[in-house]
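Working notes for the structure below.
The values are calculated or read from the model by the stated rules, or taken from the named source; none is laboratory data. Please read these numbers as outputs of a predicted model, since none were measured by experiment. Neighbour counts run over all protein chains shown; Cβ positions are idealised from the backbone, glycine included. Please note that ligands, DNA and RNA were not included when accessible areas were found on the heavy atoms of the full protein model with its side chains. Shrake-Rupley method; radii C 1.70, N 1.55, O 1.52, S 1.80 Å.
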Amino acid sequence: MPETLNSTQPDIARLSASPQVRQAFAWIRAQEPQFAHWQLELASIPAPPFGESARGQWMLQCFRELGLEEVHHDEVGNVIGLRPGSGAHAIALSAHMDTVFPAGTPLNIRQQGTRLYGPGISDNGAGVAAMLAVAAALRSSKIRNCLPIVFIANVGEEGEGDLRGMRHIFAAAQWKDFIRYSLALDGAGADTIVAEARGSRRFEVIGRGPGGHSWSDFGAANPILILGRAMDSFARTPVPTTPKSTYNIGVIRGGTSVNSIPESASMRVDIRSTSMSEIDKLEAALRRSLEEAVMQEIRAVEARGLHPHRPSGVSSELILIGNRPAGELDANARILQVIRTVDAYLGNTAHVQRASTDANVPLSLGREAIAIGGGGAGGGAHTLQEWFDCAGRELGLKRILLSLLALAGVED
Ligand SMILES: [Zn+2]
């Protein structure tokens, strides 16, 4: 049912004035030490990509202690808990558990005053702590949400995890048809609304040839020359500024010594856009550039005429090493109206951004989804110097709670 901004606005004021929501706010104000404690504890449990199970066990325990129902983990390791309601559709409140840090990274999680330090403390310690804080606030204030709320601590958001946790949720009919709105909590802050899913596709591009001695086999196909030609041609591909679309060749490798014709060479290519069709076009351009480069090198070998028996053995391969779907929230989407009205009510300034988050998955399916921060402030994401400042977390938590309840509706 479409609603205008004006009809949403009074809801937030009325919602905030209800005794239960005021009680939840008071509880949030008093519980900061508990939130910091959760955040330190969870960040102390390593959660490298594809290695989130120990942290998942901890989440399972938390969800149970917070009184969520049907608490379980699924086949890929997502931890799910339900706060039931009366509606036929649900709202997902999710936060990714995984970090970018490989197994064995020294964590050294610590607190100094209002600041917490250590890898993953903010991304996504802040998001997970906020999700737990909201679940606990709902419980302590005995708020009865109309639409059910599905709490999801998901795996595989970062890097080569490729959003596998969220993909799994939205591939299951049970969840895909049940979840109407998705609120992904990612990192610190309350000043952004990620409403455009920046998609990406990444490739390892490999060229192969027979190899040989630089002097005695001169003229044989050279994979480095193949990639060189492919790069030159691909880099001439025009890209639109709207929707913003980009490409990058970030890594090149190949060859063994200065006096050897290499047997192989490779490059890593990153393509990004908020439009799936632009991503498809860039992928097609990359494939075309590579095929043409191979053809040119075969012709060059033939023209050199020195290796009539060896222009074969030349091949190329394009391996998909990353794939995140793109999508965009409709400007009139209810979830956007709700968060904007909540921000106006709280006097909070936030900007709409495009990024790659767990919200990509529902957005790419045409569902209403945003990603927002867990409050407080943070920095140094994806570095060992990562930090989080708890000061001001309250605002971020109120923002999440009000948005969630405005979407879910509250029973009197
Ligand atoms: Zn994150």
Could you pull out every residue, at least 5 positions away or on a different chain, whose amide H is within less than 5 Å of the one on Gly322? Hs are placed 1.01 Å off N in the peptide plane, and Pro or chain starts have none.
Arg202
Which whole-Hz couplings ³J(HN,Hα) result when phi for each residue of segment 349-356 is put into the Karplus expression 6.51 cos²θ - 1.76 cosθ + 1.60, θ = phi - 60°, listed in order with x for Gly and Pro?
9, 9, 10, 6, 10, 10, 7, 10
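First compute the accessible area of the chain with a 1.4 Å probe, then give the percent of it belonging to carbon and sulfur atoms. Numbers along the way, then the final one.
On the way: 9220 of 17680 Å².
The nonpolar share, carbon plus sulfur, comes to 52 percent.
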Acute angle (nearest 10 degrees) that the helix 125-140 long axis makes with the longest principal axis of the chain, alpha-carbon atoms:
20 degrees
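Give the longest segment of the chain that steers clear of trypsin sites (Lys or Arg not before Pro) in DSSP loops with at most 12 neighbouring Cβ atoms within 10 Å, not counting the sites themselves. Mind showing how you got there, number by number?
Numbers: sites that count: Lys142, Arg236.
My reading of the result: 237-412 is the longest stretch.
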For Lys281, go through the lysines and keep the ones whose alpha-carbon is under 19 Å away, minus same-chain ones fewer than eight residues off.
Lys244
How large is the accessible surface per residue of the chain, computed with a 1.4 Å probe and reported in Å² as a whole number?
43 Å²
Point-to-point label distance, Ala103-Thr256, nm (Cα→Cβ direction, 7 Å offset)
3.2 nm
Leaving out ligands, DNA and RNA but keeping every protein chain, what accessible area does Phe50 have, in Å² rounded to the nearest 10, with a 1.4 Å probe?
130 Å²
Quick one: which residues, 5 or more positions from Thr99 or on another chain, have an amide H under 5 Å from its amide H? H modelled 1.01 Å from N in the peptide plane, none for Pro or chain starts.
Ala47
Computed magnitude of the charge dipole of segment 312-388 (debye, nearest 20; Cβ of K, R +1, Cβ of D, E -1):
140 debye
